[in-house]
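Enquirer: Here it is, the structure in full.
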Amino acid sequence: MSVGCRLFPSIVAGVAILVSANNAWADPDAGSPGGESGTSFTIDDFAQYNPRTALDMVRRVPGFSIQSDDDGSRGFGQATGNVLIDGQRVSGKSNGAAAALRRISADRVTRIDLVDGARLDIPGLSGQVVNVITSGEGGLSGTWRWKSRVRENLTPYFHEGEVALSGGSDALSWSLEASSLPERGANAGWETTTDGASVLLERRKEDFTFIADNASVSGSLAWKPDSGAVGNLNGKVGIWQSDLKEVSKTFPVGETEGRRLFLSGEDEWNAEFGGDYEFGLGPGRLKGIGLIRLEHSPIVNSFTSGALDGTDLSSSRFLQTTDEGEYIARAEYSLASSKTRDWQVSFENAFNFLEAESALSESVGGGPFVDIPLDGANTRVEEKRMEANLTHSRQLMPKLRLQVSLGAEYSELSQSGDNANLREFTRPKGFASLSWQAQPSLKVTTRLERDVGQLNFSDFISSVNLNAENGREGNSEIVPQQDWTLSVQAEKDMKDWGAATFKVFYSDIEDIVDRVPIGTGDGPGNLDSAWQIGAEMDVTLKLDKLGVAGGELKSNAEWYDSEVEDPLTGVMRPINGNLAYYFNFEFRQDIPNSDWAWGALVDRYKVHYYYQLGERGIEFGEPGYSNAFIERKNFYGMTATFAVGNLLNQQDGFERQIYSPNRLGSVVRKESRGRRFGPIAIFELKGTF
C-alpha cells in the first residue's frame with residue numbers, strides 16, 4: 001500500500017475524532033448564526049476595516065478565502081468558485097467573482113451570507129460559499145484605488161489602480177471598471193557552475209528585471225424584472241505587455257571574461273464576454289449560460305553570449321505567436337420536487353482551440369541568422385466537447401443533506417499542421433457530497449468526485465528556452481488526466497474567537513500529465529497513475545479576549561504529498577514540480593477609538609524538484625517574504641496605507657543538475673544561484689465618490 005493510502009485514513013480518522021469531541025469544539029446546545037441557515041454579516045461587522053468595496057468585505061470574512069473562478073476546470077462544468085452575487089454565480093472566468101466584487105461599492109452591500117453550498121439550488125457547490133446580497137437601489141456610486149511601489153534596481157511606478165462606477169434603476173443595474181495592474185520584479189546575485197565533481201567552472205554576476213503592464217476595461221449588466229426572470233451580461237477587454245531582461249557577467253575559470261544577455265517580450269491582447277438568462281418554464285426554471293474568451297499572444301525571445309575579446313560570439317532567436325479561444329454554451333433545468341428535494345439536468349457544449357506559429361534561428365560568430373527546424377511548433381489544436389449531468393439533492397435528516405451527480409462527457413481532439421492527429425474519447429464524471437451539521441457551530445462535508453482535467457493546449461506544441469538552453473517537445477498523443485478525489489472539510493464557527501476551515505483530501509489519478517521522453521527529447525505526456533494527498537487550512541483568530549483589542553490573526557496553509565513512477569528511471573518520486581507547502585500568517589490590529597491600524601505578514605513556500613530528460617532542478621525563496629504596514633482609515637476621507645516589504649531579505653534561489661546522456665547517466669554540470677531583491681516601499685490610497 002502506498003504512503004498516501006496509509007496516511008489518508010489516519011487523517012480522516014483525526015477529523016472524525018475532532019467532530020466527536022464536543023468539549024473541544026463548543027457547547028453543542030449553544031445557539032449559532034452559523035447553523036442551518038448560515039452566518040450573516042452586515043457592513044457594521046466590517047466597520048473596523050472601513051471597507052471600500054464588496055471585495056474588501058469578503059476578504060475579511062472569518063475563516064474564508066475566495067477560490068478562483070478560472071481554476072483550470074473544463075468549461076463551466078457545474079459550479080466553480082465559492083462566491084455568489086445575489087444568489088447567482090458569475091458567468092465569467094478571468095472576469096469572475098473577484099473582479100465583479102471589486103466593482104461593487106461597499107455601501108451597496110446589504111449583507112453577506114456564509115452558507116453551506118450543498119443547501120443552495122446550484123448543483124456542484126459544497127462547503128463554504130459566500131452569497132453577497134446587494135441593495136439594487138438606484139443612483140450612482142464609485143470606488144477608486146491608487147498604488148505606487150518603489151524597489152531596488154527598478155524605476156518606481158505610479159500607475160497601479162482601479163476606478164469603478166456602478167448604478168441602476170428599477171430592474172436594471174450596471175457596473176464599469178478601468179484597471180491598471182502593473183507587475184515588477186528584479187533581483188541580482190551570483191550563480192556558480194561546477195562540473196559533476198563540484199570543481200568550479202564559471203561564476204556569473206547576474207542582474208534580472210521584469211516589467212509588465214496589465215490594463216483592462218470591464219463591466220457587467222444585470223436585469224431582474226418583476227416576472228422573476230434574471231439576466232446578466234459581463235465583459236472584459238485587456239492588454240498584457242511584458243519585457244524581461246537578464247544580464248550576466250561571466251567569469252569562466254582560466255578563460256576570458258564574457259557577457260550573456262537574454263531578452264523576452266510579449267504583447268498580448270485578451271477579451272472575455274459572458275452572460276446568462278434564467279426564467280420559469282413549466283414546474284421548474286431554465287437557465288442558459290454562454291462564454292466567449294479569446295487571446296492573441298506574440299512572444300519574442302533572444303539570447304546572445306560571447307567573450308569580451310569578441311570570440312565565442314553566438315546568438316539565437318525564438319519567435320512564437322499563439323491564438324487561443326474558448327466558446328461555451330450551457331443549459332440547466334432545475335426542478336424542486338419538494339422543500340427538501342430538487343433535481344437538475346444540464347447540458348454543455350464547448351469548443352477550444354490554440355494555433356501556434358513558431359520560428360527558431362541561430363547566428364554564430366556574428367554571421368547571418370540561419371533557420372533551425374523545430375518539429376511540432378507550427379500547429380493548430382482543437383477540442384470539441386459535450387457533457388450531460390443529472391444532479392439530485394435531498395435532505396436525508398434534519399442535519400444531513402446529500403447531493404449526487406452522474407454524468408459523462410464526449411470529446412474530439414484534433415491537431416493539424418505538424419503532428420496531425422484525430423482522437424475521440426468518452427468519459428464518466430460526477431460526484432457525491434454529504435453535508436452534516438454536526439453541531440450548531442460545526443459543519444462537516446464529505447465529497448467523492450470523479451473529475452476530468454482540462455488540457456493545457458500548449459503541451460501539444462514544441463518550444464525552446466533559450467536562456468536555460470533546453471526545450472520541450474510537443475506531444476500530439478496527450479490526453480486529459482482523470483482522478484477520483486475523496487475530501488473531508490470541517491468548518492468551525494468559534495463565535496467571538498473567529499472561525500476556521502480545515503480540509504483533507506486524497507486523489508487517485510489516472511493519465512497524470514508529467515514529463516516523459518519523446519523521441520530524442522522530452523515534453524509533457526501521460527503516465528499511468530499517481531496519487532496525491534493534501535491538507536488545507538484557513539483560520540481567523542480574534543485576539544480581543546487575549547487582551548489585544550481590535551487584533552486578529554489570519555492564516556492560510558496548504559500541504560501536499562504525491563507519488564508517481566519516473567518514466568525514465570522507474571523510481572518513485574513526487575509529481576513534477578508540485579507545491580510541497582505554502583503558509584502565511586497575517587496580524588492586524590485596528591486600534592480602538594481611532595482610525596489607525598497596523599500589522600504584518602509573513603509567508604513561505606516550497607516546491608518539489610522538476611524533472612526533465614537530462615536534468616532536474618528546484619526553485620526556492622529563503623527564508624520567506626514578509627512585510628509590515630500602517631494604515632490611516634480616514635485620511636481626508638480616504639484610506640491611506642504605507643507598507644515596507646521583504647523585511648526578511650528573501651533570496652530567490654535556483655539549483656539544477658545536468659546529466660549525460662540523460663538522468664540515467666552521471667551529473668556533468670551543477671548550477672546554483674542566489675539573488676536578492678532588497679526592500680520594497682508601497683504606498684496606497686483608496687476611496688469612494
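The values are calculated or read from the model by the stated rules, or taken from the named source; none is laboratory data. None of the values given here were measured: they were computed from a predicted structure. Backbone-built Cβ (ideal geometry, glycine too); neighbour counts: all protein chains shown. Side chains are part of the model used for accessible areas, which takes the heavy atoms of the whole protein and leaves out ligands, DNA and RNA. Shrake-Rupley method; radii C 1.70, N 1.55, O 1.52, S 1.80 Å.
Enquirer: List pairs: first in the stretch 448-461 and in a helix (DSSP H, G or I), second open to solvent by 20 Å² or more (accessible area, probe 1.4 Å) and hydrophobic (A, V, I, L, M, F, W, C), Cβ under 9 Å, 6+ apart or cross-chain?
Expert: Phe457/Phe353; Asp459/Val513
Enquirer: Given the criteria open to solvent by 30 Å² or more (accessible area, probe 1.4 Å), within 26 Å of Asn349 (Cβ to Cβ) and either modelled with pLDDT of 85 or more or under 16 Å from the mean Cα position of the chain (by Cα) (or both), does Ser65 qualify?
Expert: Values: open to solvent by 30 Å² or more (accessible area, probe 1.4 Å): yes; within 26 Å of Asn349 (Cβ to Cβ): no; either modelled with pLDDT of 85 or more or under 16 Å from the mean Cα position of the chain (by Cα) (or both): yes.
Against the criterion (open to solvent by 30 Å² or more (accessible area, probe 1.4 Å), within 26 Å of Asn349 (Cβ to Cβ) and either modelled with pLDDT of 85 or more or under 16 Å from the mean Cα position of the chain (by Cα) (or both)), Ser65 does not qualify.
Enquirer: Moving on to the next point. Name the pairs whose Cβ atoms lie under 7 Å apart, with the first residue in the stretch 260-288 and farther than 26 Å from Val345 by Cβ and open to solvent by less than 50 Å² (accessible area, probe 1.4 Å), the second among the charged types (D, E, K, R) and modelled with pLDDT under 95, and 6 or more positions between them or separate chains?
Expert: Between residues of the stretch 260-288 that are farther than 26 Å from Val345 by Cβ and open to solvent by less than 50 Å² (accessible area, probe 1.4 Å) and residues that are among the charged types (D, E, K, R) and modelled with pLDDT under 95, the close pairs are Glu272/Lys93.
Enquirer: From the list Ser314, Ser346, Ser337, exactly one residue is without any contact (Cβ under 8 Å) to a residue 24 or more places away in the chain and hydroxyl-bearing (Ser, Thr, Tyr). Which is it?
Expert: Ser337 is the lone residue from the list that is without any contact (Cβ under 8 Å) to a residue 24 or more places away in the chain and hydroxyl-bearing (Ser, Thr, Tyr).
Enquirer: Return the pair list, or none, for Cβ contacts closer than 7 Å from residues in the stretch 146-174 that are farther than 30 Å from Asn187 by Cα to residues that are surrounded by 17 or more Cβ atoms within 10 Å (Cβ to Cβ) and basic (Lys, Arg), at least 6 apart or on different chains.
Expert: Every condition considered, the pairs that remain are Ala164/Arg102; Ala164/Arg103; Ser166/Arg103; Ser166/Arg108; Ala171/Lys224.
Enquirer: Continuing with the same structure: Tell me, yes or no, whether the stretch 302-314 has at least one residue that is at pLDDT 95 or above, surrounded by fewer than 19 Cβ atoms within 10 Å (Cβ to Cβ) and within 30 Å of the chain's Cα centre (by Cα).
Expert: Yes: one or more hits.
Enquirer: Does the stretch 323-341 hold any residues that are open to solvent by 30 Å² or more (accessible area, probe 1.4 Å) and touching a strand residue (DSSP E or B) at 6+ places or on another chain (Cβ under 6 Å), and which are they?
Expert: Hits for the stretch 323-341 are Asp323, Glu324, Tyr327, Ala329, Ala331, Tyr333, Ser334, Leu335, Ala336, Thr340, Arg341.
Enquirer: So the check is Cβ under 6 Å with 6+ separation or different chains; which pairs have a first residue in the stretch 200-212 that's closer than 12 Å to Arg260 by Cβ and a second one that's open to solvent by less than 70 Å² (accessible area, probe 1.4 Å) and among the small types (Gly, Ala, Ser)?
Expert: Arg204/Ser248; Glu206/Ser248; Asp207/Ala188
Enquirer: Given the residues Ile658, Ile618, Ile630, which is the only one that is within 23 Å of the chain's Cα centre (by Cα) and among the aliphatic types (A, V, I, L, M)?
Expert: Just one listed residue meets the conditions, Ile618.
Enquirer: Is it the case that some residue within the stretch 541-556 is more than 21 Å from Asp493 (Cα to Cα) and at pLDDT 95 or above?
Expert: no
Enquirer: Here is a follow-up. Sort out which residues of the stretch 538-595 are part of a loop (DSSP other than H, G, I, E, B) and of a type in the set (Val, Ile, Thr), and write them in order of number.
Expert: Residues satisfying the conditions are Val548, Thr569, Val571, Ile575, Ile591.
Enquirer: Which pairs do you get when a residue that is open to solvent by 40 Å² or more (accessible area, probe 1.4 Å), found in the stretch 225-236, comes within reach of a residue that is in a loop (DSSP other than H, G, I, E, B) and not basic (Lys, Arg), reach meaning Cβ atoms under 7 angstrom, with the pair 6+ apart or on two chains?
Expert: Lys236/Ser94; Lys236/Asn95
Enquirer: Quick check, is Asp371 outside any strand (DSSP E or B), farther than 30 Å from Leu335 by Cβ and either open to solvent by 50 Å² or more (accessible area, probe 1.4 Å) or in contact (Cβ under 8 Å) with a residue 40 or more places away in the chain (or both)?
Expert: no
Enquirer: Could you please let me know if Gly674 is within 30 Å of Gly521 (Cα to Cα), part of a strand (DSSP E or B) and in contact with a strand residue (DSSP E or B) (Cβ under 8 Å, 6 or more places away or on another chain)?
Expert: The answer is yes for Gly674.
Enquirer: When you look at Lys384, is it under 30 Å from Phe431 (Cα atoms), open to solvent by 60 Å² or more (accessible area, probe 1.4 Å), within 26 Å of the chain's Cα centre (by Cα) and of a type in the set (Lys, Arg), yes or no?
Expert: Considered against the rule, which asks whether it is under 30 Å from Phe431 (Cα atoms), open to solvent by 60 Å² or more (accessible area, probe 1.4 Å), within 26 Å of the chain's Cα centre (by Cα) and of a type in the set (Lys, Arg), Lys384 comes out as yes.
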